[in-house]
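Input: a single structure, listed below in structure tokens.
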Amino acid sequence: MKNIKPGLLALSIATASHGAFAFQQGDIIVRAGLANVSPNDSSSNIFVGGDLGVDLAVGDDTQLGLNFAYFLTDKLNIEVLAATPFTHDVDFGVNDPLGTGDRLGEVTHLPPTVTLNYYFNIPSSALQLYVGAGLNYTVIYDEKFTGANDAAGLKNLSLDNSFGFSAQVGVDYMMNDQWFINGSVRWIDIDTEASFNLNGAPGRVDSIEIDPMVYTLSLGYLF
Ligand code: NI
């Protein structure tokens with residue numbers, strides 16, 4: 001019995017700490033799954049010399065989303081959203097004024113977001129709901145026109161990075177003490193502007209609101 005007792009004690013402590021489904025201060029969770037960035041985009045018109053009378057549209061993309069959170073208290077966690085890079089088509093909003101096809105080019109971005117989440121934390125429930133607010137920094141890079149547009153004289157596309165607010169609602173469904181399924185819907189305020197050259201003449205789009213909804217479906221693990 002001398003050998004078994006410490007084992008039973010450790011087991012009973014482990015059961016007590018995660019016997020209920022609610023998260024606890026000090027918990028670390030990791031989630032991995034699919035993240036879809038779906039822009040609610042709008043933009044001002046494209047300027048090259050004058051107003052071309054045409055705006056831009058930004059397409060959506062789905063990538064691998066990764067998510068880490070640490071519980072500061074039983075009800076509050078701080079979460080970092082990471083992902084593999086998203087690539088979005090950039091199109092003319094209406095008719096193509098250059099006659100090179102509606103697709104202008106594409107941009108790639110990474111939208112790391114830090115969020116403070118509040119858990120309603122019902123101890124006996126396998127379903128844990130939370131709401132969160134945070135800050136996003138979107139790094140936009142690898143901006144390029146399509147080959148046809150490049151051949152038509154469109155060069156040097158550049159979009160500014162964006163810093164803005166983010167908000168989300170989410171739910172964790174505990175399958176057991178360690179594994180859970182997560183779904184979340186997040187809004188991110190991503191605003192940028194673009195510059196480019198058309199046959200050497202400077203062009204610009206002063207305001208591009210991407211403001212996407214980000215939908216994630218993940219598998220989570222509680223350490
Ligand atoms: Ni915005």
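The values are calculated or read from the model by the stated rules, or taken from the named source; none is laboratory data. Just so you know, these numbers come straight off a predicted model, no measurement behind them. Ideal geometry is used to build each Cβ from the backbone, glycine not excepted, and the neighbour counts take in all protein chains shown. Note: accessible area is taken over every heavy atom of the protein model, side chains too, but ligands, DNA and RNA are not part of it. Shrake-Rupley method; radii C 1.70, N 1.55, O 1.52, S 1.80 Å.
Data table
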read-out: Residues that are part of a strand (DSSP E or B), open to solvent by 10 Å² or more (accessible area, probe 1.4 Å) and within 16 Å of the ligand (Cβ to nearest atom), drawn from the stretch 209-223; value: Glu209, Met213
read-out: Tally of residues being aromatic (Phe, Trp, Tyr) and under 17 Å from Asp27 (Cα atoms) across the stretch 170-205; value: 3
read-out: Residue in the stretch 7-22 that is farther than 20 Å from Asn182 by Cα and either at pLDDT 90 or above or within 20 Å of the chain's Cα centre (by Cα) (or both) present; value: no
read-out: Pair list, Cβ < 9 Å and 6+ apart or interchain, from the stretch 193-221 residues that are under 16 Å from Asp160 (Cβ atoms) and of a type in the set (Lys, Arg) to residues that are within 16 Å of the ligand (Cβ to nearest atom) and modelled with pLDDT of 95 or more; value: Arg204/Glu193; Arg204/Ala194
read-out: Wholly within the stretch 46-144, strands (runs of 3 or more DSSP E) carrying at least 3 residues that are open to solvent by 70 Å² or more (accessible area, probe 1.4 Å) and more than 19 Å from Phe163 (Cα to Cα); value: 61-71
read-out: The one condition in (1) open to solvent by 60 Å² or more (accessible area, probe 1.4 Å); (2) modelled with pLDDT under 95 that Asn149 fails to fulfil; value: (1)
read-out: Any hit, the stretch 150-162, residues being without any contact (Cβ under 8 Å) to a residue 40 or more places away in the chain, among the polar types (S, T, N, Q) and closer than 30 Å to Asn197 by Cβ; value: yes
read-out: The lone exception for Ser125 - which of (1) at pLDDT below 95; (2) under 24 Å from the mean Cα position of the chain (by Cα) it fails; value: (2)
read-out: Positions within the stretch 175-208 being part of a strand (DSSP E or B), away from the ligand (no atom under 16 Å from the Cβ) and either closer than 21 Å to Val80 by Cβ or under 23 Å from the mean Cα position of the chain (by Cα) (or both), in sequence order; value: Trp179, Phe180, Ile181, Asn182, Gly183, Ser184, Val185
read-out: Filtered residue count, the stretch 158-179, keeping only those that are open to solvent by 30 Å² or more (accessible area, probe 1.4 Å) and out of contact with any helix residue (DSSP H, G or I) (no Cβ under 7 Å at 6 or more places or on another chain); value: 13
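Residue-wise test of (1) touching a Lys or Arg at 6+ places or on another chain (Cβ under 8 Å); (2) farther than 23 Å from Asp191 by Cα.
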| position | (1), (2) |
| --- | --- |
| Gln63 | no, no |
| Asp102 | no, no |
| Gly105 | yes, no |
| Pro123 | no, yes |
| Gly134 | no, no |
| Ile140 | no, no |
